[in-house]
Structures are given as structure tokens and as C-alpha cells.
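The values are calculated or read from the model by the stated rules, or taken from the named source; none is laboratory data. The model shown is predicted, which means the values in this text are computed figures rather than measured ones. As a convention, Cβ positions derive from the backbone with ideal geometry for all residues, glycine included, and neighbour counts pool all protein chains shown. Side chains included, ligands, DNA and RNA excluded: accessible areas come from the protein's heavy atoms. Shrake-Rupley method; radii C 1.70, N 1.55, O 1.52, S 1.80 Å.
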Amino acid sequence: MSCEAKTLMGCWTTSFDFGHLKAHSKVSVFFTMILIFTYLFYCLTGYCDSMPSPLYVHQSFRSKLFPKEGKKLQPDAHGNGSVVRELLDQDAPDVEDEKRQRASGYDTYSNLSVSNNFGTKEFPQAIIIGVKKGGTRALLEFLRVHPDVRAVGAEPHFFDRFYEKGIQWYRNLMPRTLDGQITMEKTPSYFITREAPSRVFSMSRSTKLIVVVRDPVTRAVSDYTQTLTKNPGLPSFQNLVFKNSTTGLIDTSWSAVRIGIYSKHLENWLRYFPLAQLLFVSGEKLVTDPAGEMGRVQDFLGLKRVVTNKHFYFNQTKGFPCLKKPEGSSRPRCLGKTKGRPHPHIPPEVLHRLRNFYRPFNMKFYQMTGQDFGWE
């Protein structure tokens, strides 16, 4: 082969190799972009939670995707798709569930919508502090419909049972929130725990507090009914409510009675928090007018009124309101066979004496809160 031919062949080979490499480079870039977008897609849908990544990267990425004035996350399956499992008669958590939640640090029970990697864990800006058998579970389920509310599903019991674990342990129980969202939890026993107000105040003096109250006589019977289902050998209601059945002296050491003395418990909280930071929700109105009470709650929390009449339907069989399922889902339903437990028969005279006992405390509670709940 001549020199000119060799030179020509060499030039042609060089040109071919360069073009081949250029084409190969484009293909590599194309596939790299596909991989990047695939990774981002799976992260956004929650499949890359297990992959370690520095927190500042998540926060930076989050600030670009979700600026304060930008788009908010929509309710998840635990939000608009949830139902009321127990409206008034299921405030106490299942013991086995509570054990599993404590063992796992509650993280898997947090109300998260997309990925654990988005947002930050904050101390709750609002807490439902009471009362047991008042309707706190119903209120929490209603609130979780709102896209700007992130709430712990289980009761943390930090300020009454687990305070020695430390404030950072408590913070780690909280779900991650985005800008514009608020963190919440509910533990009804806080309201009657003497140390709870000072402990909450030490965490944040600006915490908003919600108390769901119910006719103390009905509440006491409901409390007894729940305990009776777990302990069928329990003495009768009348045997427990009186210190002496002959004199009719009420036994205030019995928790079912003590919880309903709302004015005394409220005095303890008002030593640390102004009345303006407390909202008192009627457990009765959560049944008869859930949208109206939810309007008050959303206003109190500084939220847009998202949860309205359209989210509720009244179950005629059960006798209480439930949350509707979202469009395209199965028909509405109410969970919890124990909801609306039939109360045992209590002699009218016993209820009359108990109502007389509560009357002065109720009047004082109305005066302290500026609300007449109409318990007669």
C-alpha cells in the first residue's frame, strides 16, 4: 500500500473513531440522565428512604421543590382517606400497639405523606391535652385530613410517663414537616397530670393547647364502660362512684370521677399558659356539628378552613359522623366495632347524685372558659 493510501486510511480511521466516540458519549449522557431522573422519581415516591444522605442535602432540595409560597403536599392515605375508628369511645390506645410503637421509636407510626427524607422534625406547635373519653381521637382524625397538619398517630405520653427519656427523644417521635405545616400530638392524660403544664412550658411557652371536653357524667360512664370491657369482673358503677352509698358521698379518688372536675385541672394549666392559648372543643358538637367545631379548631391553629361539611357523612346505624373516602375510592365506612359501646344501666338516682356533684365545678368551668357547654 502506498504512503498516500496509508495516510488516507489513517485519516479515515481517526475520523471514524472520533465519530464513534462522540456518538458513544451522547448515548452515555442520555442513559445517565435517565438514571438520574429515575432516582429522583423513586426518591419522591419514597423508595430511597433507606439510602443514607446528609440532612442538609434534603433540606436544600426540599427548599427548591417546596418553597413557602409554593405547592403543599396533598393529604395522604392517612389523611383524607381515613375514617373515624372511635369517635368518643376509643381514646385509650391498644396496649400491644403501644409496646410496638415504643420499641420502634414511633417512627413507623408517624403521619408521613411522601418520604421520611423530606422536611424536618419539630417540637409540636399544638397539643391535644385532653380529655380521656371526650373525643380526642375523633378530633385528631379530623385534623389529619388537613394537608398542613402532621400528627403523631400514637399517644407519646412524654409529659406524663416518659419525661425522663429527654426532650430530644420526644422530638424524634414527631413526623417530618415541610414549611407551612404544623406538628401535633395528642395525649389526653396530660390534662390531669400535675407536672405536665410546667414541662410543656419548658419546651415552648407558645404551644397551643386543645382540650376536648364532654358532659362529665356521660364521660365517667363511658370511661367505666371501656374499663368494664377489659375487666368484666369490675364492681358496679355505683359501687365505685360512692365512698359510702348511704351518705351518697362521691369518691373523687376514682379516676373516672376525678377527670371530670375540669375546673381544677384547668387551674393548673392557667398557672403557665394564658387562656388565649387554650381552645375548648365540645365533644358533643363533634358529633352533632363536626364541621362547625373543626372550623373553630382550624381558626385557632391559624389554618385555612380546608376540613368542611363535604368531608363528613352521618352514619345512621352507628349514630355518629364519619369521614368520607376520597373520590375514586371504596364507599365510605366507619371502623371500630367497639365504637358506640352500649353503656350499662345505671340507676337514675346514681346519675342524679353525680350530676349534682359536678354542677358547681361545671359552673366554674363555664366561667373560666367563657363557654356554656350546656351540661345538665
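Of the whole protein surface, W169 contributes about 70 Å² of accessible area at a 1.4 Å probe radius. Listed values for region 155-161 are Karplus-derived 3J(HN,Hα) couplings in whole Hz (6.51 cos²θ - 1.76 cosθ + 1.60, θ = phi - 60°), namely 7, x, 6, 5, 7, 10, 10, and x replaces Gly and Pro. Each peptide among 130-139, 270-279, 193-202 gets the average number of other Cβ atoms lying within 10 Å of its residues, and from highest to lowest they stand as 130-139, 193-202, 270-279.
Note on T120 and L234: their simple-model spin labels are 4.5 nm apart, each label 7 Å out from Cα toward Cβ.
Placing R305, R353 in order of accessible area, with the largest value first and a 1.4 Å probe, yields R305, R353. Full extension of the chain between K243 and F361 gives 40.6 nm of extra length, using 0.36 nm per residue less the Cα-Cα distance. Among the listed pairs K304/K324; K304/K364; K121/K264, which are separated by more than 27 Å between their Cα atoms? Pairs exceeding 27 Å: K304/K364; K121/K264.
Spelling out what I want: for every residue of region 166-180, take phi, set θ = phi - 60°, compute 6.51 cos²θ - 1.76 cosθ + 1.60 (Karplus), and round to whole Hz; glycine and proline get x. So the J values, rounded to whole Hz, are x, 5, 6, 4, 4, 4, 5, 6, 6, x, 6, 10, 9, 4, x. Coupling constants for region 205-210 follow from the phi torsions by the Karplus curve (6.51 cos²θ - 1.76 cosθ + 1.60, θ = phi - 60°), and in residue order they are 6, 9, 4, 8, 10, 10 Hz; glycine and proline get x.
Close amide H contacts of A126 (hydrogens built in the peptide plane, cut-off under 5 Å, sequence separation of 5 or more or a different chain): T183, E185, K208. Charging the Cβ of each Asp and Glu at -1 and of each Lys and Arg at +1, and nothing else, the dipole of region 265-313 about its Cα centre rounds to 220 debye.
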